[in-house]
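Beneath this line is the structure, given in structure tokens, with notes to follow.
The values are calculated or read from the model by the stated rules, or taken from the named source; none is laboratory data. Remember, predicted model here, so these are calculated numbers, not experimental data. All Cβ positions, glycine included, derive from the backbone under ideal geometry; neighbour counts span all protein chains shown.
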Amino acid sequence: MGDLTDPSNTFFELFTQPVGATTWKLATPPGVADNGGLVVGATDTGTLTAGFLPSADLTFSVLAQSTDAGTTWNPASLPGALASEPDALGTGGTGQVVAVLAGSSGRVVSSSAPLTSWHPVASAAALSGPTSHCTVTAVTAVAVIASGTPVLGTRCASSRVVGLFVPAATAGRWSQVGPVFGGPDPSTTTVLRLQAGSASTSALVEGSTNGHDRIVGEWLSGVGTSVVDAMSSAQLAVPTGWSVRATALGGGSGDGMTVLLGADAGAGLRIASVSGPNQAWVFGPTPPAGTTAVAVTGEGTDAFVPAGSHLAVWSSTSTAPAWTRVSQITVPIQYGSSD
């Protein structure tokens, strides 16, 4: 939000919606410049971990953690800068946090509250081991299942096997559990989002073949055990000249996935959703102009339209698909604070 033509006056904001509520509230952690971006991990119990991406003189990532859904925050440290990926922070119900660090090495580290001591978990080189079916070029997403086991999503070069990894029985080794990406052989597959649920781990995956992109939802059960079963959605072909602008997980039974697509030239926007395994993607009504993010809560989809210091939230449901503006939030933007 703010003045998007000026990086020093562009600010990233965090909004939360408590379970059972229908409105969003501003919950951005205070005290740190967030011009570079925010990465957030959340647990079902309401614990949030927010990471600030580097900008200007901030060369590393500061963390903040909240146990009351963003009402109050406690500062924490990280040994480096976070990767600029939506799911670069994974959080577990026991307080464990797994983070992907920026850089070509693809380092992944882990810590427990109060997040002051971190230890290495993996790297891109370690994942590209003898049991891997792909060359890992980046770690793009992390999640933590109920047992505390980390799950890593990656970008794979020249492989039809999706880059999803869990720790192997041998210490320090990793097992690739990703399913095969169907259709023409992709030049790359990228895990865009990763979420560990109570019954399955869901992943949103993009495959690229000769410049043509396809999106698929994957649901894996048995992650962390010796047998992993995977189920896929139908594939969504991204129109030529379009790209993924934002993504959302959850909604409905908790298994849904949503992508916001935008035209690379012009102002075209589309929203497509898939409800679960073996289902086809469905395009919803054209979102409001200026939509930059989407969230799925229950059976509804919310579209976020920022303009300066004002945020408009629009909502659409399966029973009332026409977009309706449900709230207008004014954010106290501190222009000039990062100069």
So residue 255 clears everything in (1) buried (at least 19 other Cβ atoms within 10 Å of the Cβ); (2) assigned to a strand (DSSP E or B); (3) free of Cβ contacts under 8 Å to residues at least 60 places away in the same chain except one condition, right? Which one?
-> (2)
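Hey, which of the strands (runs of 3 or more DSSP E) in the range 10-100, taking only ones fully inside, have at least 3 residues that are in contact with a Phe, Trp or Tyr (Cβ under 9 Å, 6 or more places away or on another chain) and not acidic (Asp, Glu)? Don't jump to the end; show me each part of the working.
On the way: elements: 38-42, 48-52, 63-66, 74-76, 89-91, 96-100.
Output list reads 48-52, 63-66.
Can you name every residue in the range 156-176 that is assigned to a loop (DSSP other than H, G, I, E, B) and surrounded by 18 or more Cβ atoms within 10 Å (Cβ to Cβ)? Even if it seems obvious, please write down each step before you answer.
Going residue by residue through the range 156-176, those that are assigned to a loop (DSSP other than H, G, I, E, B) are 158-160, 162-163, 168-173.
Answer for the range 156-176, where residues must be assigned to a loop (DSSP other than H, G, I, E, B) and surrounded by 18 or more Cβ atoms within 10 Å (Cβ to Cβ): 159, 160, 162, 163.
For residue 234, state whether it is over 17 Å from residue 283 (Cβ atoms), among the small types (Gly, Ala, Ser) and within 21 Å of the chain's Cα centre (by Cα). Please lay out each step first, then the result.
Working: over 17 Å from residue 283 (Cβ atoms): no; among the small types (Gly, Ala, Ser): yes; within 21 Å of the chain's Cα centre (by Cα): yes.
It is false that residue 234 is over 17 Å from residue 283 (Cβ atoms), among the small types (Gly, Ala, Ser) and within 21 Å of the chain's Cα centre (by Cα).
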Condition test on residue 267, is it surrounded by fewer than 16 Cβ atoms within 10 Å (Cβ to Cβ) and in contact with a Lys or Arg (Cβ under 8 Å, 6 or more places away or on another chain)?
-> no
Applying the selection to the range 50-75, what residues are farther than 24 Å from residue 336 by Cβ, among the small types (Gly, Ala, Ser) and surrounded by fewer than 19 Cβ atoms within 10 Å (Cβ to Cβ)?
-> 69
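So, residue 337, is that one modelled with pLDDT under 95, surrounded by fewer than 17 Cβ atoms within 10 Å (Cβ to Cβ) and assigned to a strand (DSSP E or B) or not?
Working: modelled with pLDDT under 95: yes; surrounded by fewer than 17 Cβ atoms within 10 Å (Cβ to Cβ): yes; assigned to a strand (DSSP E or B): no.
So residue 337 fails the test.
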Starting from the range 230-250, keep only residues that are in a strand (DSSP E or B), then list their pairs with residues that are among the basic types (Lys, Arg) and crowded, with 17+ Cβ neighbours inside 10 Å whose Cβ atoms are within a distance under 7 Å, requiring at least 6 positions of separation or different chains.
-> 236/214; 237/214; 247/193; 249/193
Does residue 112 satisfy the criteria of being modelled with pLDDT under 95 and more than 17 Å from residue 143 (Cβ to Cβ)?
-> no
Counting only residues that are among the hydrophobic types (A, V, I, L, M, F, W, C) and closer than 20 Å to residue 297 by Cβ, which one in the range 23-49 is surrounded by the fewest Cβ atoms within 10 Å (Cβ to Cβ)?
-> 26
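Scan 276, 266, 262, 290 and give me the residue that is in contact (Cβ under 8 Å) with a residue 24 or more places away in the chain and small (Gly, Ala, Ser). Give the derivation first.
Numbers: 266 fails: in contact (Cβ under 8 Å) with a residue 24 or more places away in the chain; 262 fails: in contact (Cβ under 8 Å) with a residue 24 or more places away in the chain; 290 fails: in contact (Cβ under 8 Å) with a residue 24 or more places away in the chain.
Just one listed residue meets the conditions, 276.
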